[in-house]
Amino acid sequence: MALMMSLVALSIDAVLPALGIMGEQLAVEHQNDQQLIVGFVFLGMSFGQLLFGPWSDSVGRRKAMFTGYAVFFVGTIMSLYATDLNQMLVSRLL
């Protein structure tokens, strides 16, 4: 449980100091659009709770947890290789 909570915090806090550099690398036109990178994490968590909550009740917590980890790590790998802001936002949503 602590690992799950710390991954969420790490996925947000580790990005904050690098937002400016990420904006330059991703060729973000407006500086305020860089904040969407953090905002999409919260959107993804919100949709994830709506999806995985009921699903975990029907299939079990363990299966839902490991599926959630898989989705999280796919999104992380996609973030690593994102070349523009749209790719980064989709990967952060995951």
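Pairs meeting the criteria (first residue in the stretch 43-60 and closer than 19 Å to LEU93 by Cβ, second residue open to solvent by 60 Å² or more (accessible area, probe 1.4 Å) and assigned to a helix (DSSP H, G or I), beta carbons under 8 Å, at least 6 apart or on different chains) are LEU43/LEU93; GLY44/LEU93; PHE47/LEU93. Among the residues making up the stretch 43-69, those that are surrounded by 13 or more Cβ atoms within 10 Å (Cβ to Cβ) and small (Gly, Ala, Ser) are GLY44, GLY48, SER56, ALA64, GLY68.
Starting from residues that are free of Cβ contacts under 8 Å to residues at least 40 places away in the same chain and within 18 Å of MET4 (Cα to Cα), keep the ones in the stretch 70-79 and report whichever is surrounded by the most Cβ atoms within 10 Å (Cβ to Cβ). Out of the qualifying residues, it is GLY75. Mind listing just one residue for me: the one in the stretch 23-42 that is under 24 Å from MET5 (Cα atoms), without any contact (Cβ under 8 Å) to a residue 40 or more places away in the chain and open to solvent by 40 Å² or more (accessible area, probe 1.4 Å) and, of those, farthest from the chain's Cα centre (by Cα)? Among them, the one singled out is GLN35.
Looking only at the stretch 1-22, how many residues end up being part of a helix (DSSP H, G or I) and free of Cβ contacts under 8 Å to residues at least 24 places away in the same chain? Residues meeting the conditions: 13. No other residue among GLY75, GLY68 is in contact with a Ser or Thr (Cβ under 6 Å, 6 or more places away or on another chain) and in a helix (DSSP H, G or I) apart from GLY75. So is GLY75 closer than 14 Å to PHE40 by Cβ and within 13 Å of the chain's Cα centre (by Cα) or not? Yes.
The values are calculated or read from the model by the stated rules, or taken from the named source; none is laboratory data. These numbers come from a predicted model, not from an experiment. Reconstructed Cβ throughout: ideal geometry from the backbone, glycine too, with neighbour counts over all protein chains shown. The accessibility values were calculated without ligands, DNA or RNA, using every heavy atom of the protein model including side chains. Shrake-Rupley method; radii C 1.70, N 1.55, O 1.52, S 1.80 Å.
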